[in-house]
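Structure record follows, encoded as structure tokens.
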There are 2 protein chains.
Amino acid sequence: MKRIQTAKDIAARVGVSQAAVSYAFSSRPEKQALISAETRERIFKVAKEVGYFPNALAQGIRTGKTGLIALWVPNFSNSVYLRTMRGTQEVATQHGMDVLVYGGSGSSGMENVLRSMGQRRVDGAIMIARPLEANANQVLGQLELPIVTVGGSITYPNVDSVLTRNGAAFKQMVLHLAAQGYTRIGHISGNLETATAQERYQGYRQGLRAAKLPFRQAWTRQGTYKAGSAGALALELIRQKNPPDALVVANDLMAIEALLALHDAGYSIPKDMAITGCDDIPEAEVVRPRLTSIRRPGLRAAHSAMTLLLERMGGYQGQARTVWLDAEVIPRESSVALSL
Amino acid sequence: MKRIQTAKDIAARVGVSQAAVSYAFSSRPEKQALISAETRERIFKVAKEVGYFPNALAQGIRTGKTGLIALWVPNFSNSVYLRTMRGTQEVATQHGMDVLVYGGSGSSGMENVLRSMGQRRVDGAIMIARPLEANANQVLGQLELPIVTVGGSITYPNVDSVLTRNGAAFKQMVLHLAAQGYTRIGHISGNLETATAQERYQGYRQGLRAAKLPFRQAWTRQGTYKAGSAGALALELIRQKNPPDALVVANDLMAIEALLALHDAGYSIPKDMAITGCDDIPEAEVVRPRLTSIRRPGLRAAHSAMTLLLERMGGYQGQARTVWLDAEVIPRESSVALSL
DNA sequence: AGCGTCAGCTTAATCGTATAAGTAAATTCA
DNA sequence: TGAATTTACTTATACGATTAAGCTGACGCT
């Protein structure tokens, strides 16, 4: 059983001191310069032969930096988070850092996650935004860890955030529908106790005002963001005496349910009712008619988040900052112009 | 700026030695017993106040175990891998380990990934199977790291694998179609130079033999697994003089393309042609008609992989083992019985 | 020749923990 | 009662790196 090699082993083989090996592998030019080019060559040659690279744990313990980024994802099953995960991973790799993924929630779970981030001495954390439990917040304080939240609408003191102008996007969506000739535009919201659902709802209302279209309570329903009920709500809406002719739904999951429920009930989309969603999940391209949606800038968000994080890790101590990104309406068949 | 607390700080506050703190936090009962219950109480009390937990880096460097599992995913955009990621994360968490995700490929990329896994002294690695480059294989040897590959059909010496009986599932799929009354069953394969595409193709052939149905070269086409061409291939197949009445496609991505292309060209599914896929991606439930597919046991695969890995990490030194899991046909509307 | 400078090393301290070995007091036992 | 054992610690070393400080020989300069 071949033991894992250390700097001391390499040093012995090359005939130099352990410190020389360390200097040779140093990433800082001023330290590297302390070793002659040819000695470094010899060190690298032997290192390559035996597959040596400096132990990151030992490095971390000395330097206080681990090169680790924690990424917390509320829910692995949801492909919405995939883009952010990918972006984080990419940018982290570009900066020579590695990503530790945490998932799952629950109060005790969250506390364990934060403890683990602390014990592992991660250099920073990116959290896909979610309301945190009170005790979690306290643990966060003790960690004094650079943190950036992404994609939510919740802010914390001293925690940078990358947010999406979802409200503005929903306003744009209503204007898009208005431009296509729809005039009686309804809404299925998420749970209105959450900030994101409120934001989208307000954007919808603003859109109506901007387009000078009427708002009717009867054209709106409150959903849950999750799968299960949106189909029934859509049928309720279309079966009333004076139904809406378009439906802005708070996310794609619900929008697709609504679309399929209407389709399966024999209605024609968008002729009987246009439908739009939000998140631009892969399924949106596959349903017929294709679902008009809102694309949130997952990759760009991850990039911004990493930039903020790297600045904090670089010693920036200022107040919490917020970066706003625009979301984009992706028009598809479920909202094409009415051929009057 | 509150400095991060160490065992020494806690010890000083409590009035004991640093070793006492270490023993108090030890996970091994025989070490814990070295400290009286009341002293441990006092230590924990102070630790909680200041938010102390032992530094995982220092622990790792002393014990040689990091509690880190590396997870390599070829492609973050593909939701097929999501189930395996989630499973790995869950089981790892259950065992008190954390997951380091690596992505991206390319020869130099792969070498960096393996180097990083080595430097970080991960305890084991799970790799969603992919052919590895030759040099990567060499680096793997140098690391002497417990590794398990998942979901591929490639095996390496001394590397455990969790594989799926895809061939058998494709055979079952043909039998399912036969049972529904289809008799002229065609196939769109993946790139037949890959082992998985071969396996699926062979399963399809075996299914035909088992069902005593004819095989015709003219009913088969070779695709690429990726998006882009399967739609055209499906149209080619259906437009010939004596077309197949059912089409077993090598994965859902291509199957959905085929289904949509036929649908958009005015054909009716499954009346004009039944279509089936493989992977059971979320989109399969959303297309109309819903796509019959094959569900690969992503979560169970992750569990098996972690079990194998934990055994290796526990010191098992035996030969490479292989765990075979069954995939399951999920019948949906795209292959319902012909109403003759 | 004598002295300072510098390149190119080595030596040694340090990071935060685990743990073997040592020690003093309390307890057990013959 | 005195020796042996046990309990509950402390002391000291090691893990594998970084890095400040010390050392040596070669070189340049006057």
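Values in this text are rule-based calculations from the coordinates and carry no lab data. Because the structure is a prediction, the values reported are computed rather than measured. In this analysis, Cβ positions are derived from the backbone assuming ideal geometry, glycine residues included, and neighbour counts consider all displayed protein chains.
If I build a Gaussian network model for chain B, linking alpha-carbon pairs within less than 10 angstrom, which residue out of B:ALA246, B:ALA58, B:ALA11 has the largest mean-square fluctuation? Looking only at B:ALA246, B:ALA58, B:ALA11, the largest GNM fluctuation is found for B:ALA11.
Between the listed residues A:MET306, A:GLY67, A:ALA195, the Cα displaced farthest toward the positive end of the dipole of chain A, a dipole computed from Cβ unit charges relative to the Cα centre, is found at A:GLY67.
Based on DSSP H segments of at least four residues, each scored -39500 (n - 2.57), chain A has a per-residue ellipticity at 222 nm of -13500 deg cm²/dmol.
Between A:GLN32, A:LEU82, A:THR292, the Cα set farthest toward the positive side of the dipole of chain A (charges on each charged residue's Cβ, about the Cα centre) is that of A:GLN32.
In this Cβ point-charge picture (+1 for Lys and Arg, -1 for Asp and Glu), region B:261-336 has a dipole of about 240 debye about its Cα centre. Can you tell which of B:ALA246, B:ILE4, B:GLY96 lies farthest toward the positive end of the dipole of the protein assembly as shown, using +1 and -1 charges on the Cβ of basic and acidic side chains (Lys, Arg; Asp, Glu)? My answer, from the dipole projection, is B:ILE4. The long axis of helix B:134-143 is offset from the longest Cα principal axis of chain B by roughly 30 degrees.
Centroid-to-centroid, using Cα positions, region A:280-309 and region A:144-211 are 14 Å apart.
For chain A, the longest principal axis of the Cα atoms and the long axis of helix A:80-94 meet at an angle of about 30 degrees. Applying a DSSP loop filter and a limit of 14 other Cβ atoms within 10 Å to the trypsin sites (Lys or Arg not before Pro) in region A:1-95 leaves A:LYS2, A:ARG3, A:LYS65.
Label-to-label distances for B:ALA33 across copies, nearest first, come out at 5.9 nm, using points 7 Å from Cα in the beta-carbon direction.
Considering only DSSP beta bridges with both partners in the protein assembly as shown, what is the antiparallel share in %, to the nearest 5? Let's see the in-between values first.
Working: 11 of 73 bridges.
In the protein assembly as shown, DSSP labels about 15 percent of beta bridges as antiparallel.
Each copy carries a label point for A:PHE215 at 7 Å from Cα along the beta-carbon vector; from one copy to the others these points are 6.6 nm apart, nearest first. Put the Cα centre of region A:1-51 next to the Cα centre of region B:313-336 and the gap is 44 Å. Short-range pairs are left out: with C-alpha atoms under 8 Å and at least six residues apart, the relative contact order of region A:279-334 is 54 percent.
Cross-linked pairs A:LYS271/B:LYS226; A:LYS45/A:LYS65; A:LYS48/B:LYS226: Cα-Cα separations exceed 30 Å for A:LYS271/B:LYS226; A:LYS48/B:LYS226. The same position B:ASN75 in the other copies lies at 2.6 nm from this copy, comparing label points 7 Å beyond Cα toward the beta-carbon, shortest first.
Axis of helix A:107-119 versus longest Cα principal axis of chain A: the two differ by about 30°, to the nearest ten degrees. Look at the alpha carbon pairs under 8 Å that are at least 6 residues apart: their mean separation over the length of chain A gives a relative contact order of 16 percent. In summary, the aspartates and glutamates within cross-link reach of B:LYS171, defined as a Cα separation below 16 angstrom excluding same-chain residues under 8 places away, comprise B:GLU199, B:ASP279, B:ASP326, B:GLU328. Of all the options B:VAL46, B:VAL101, B:VAL150, the one that moves most in a Gaussian network model of chain B with Cα springs shorter than 10 angstrom is B:VAL46.
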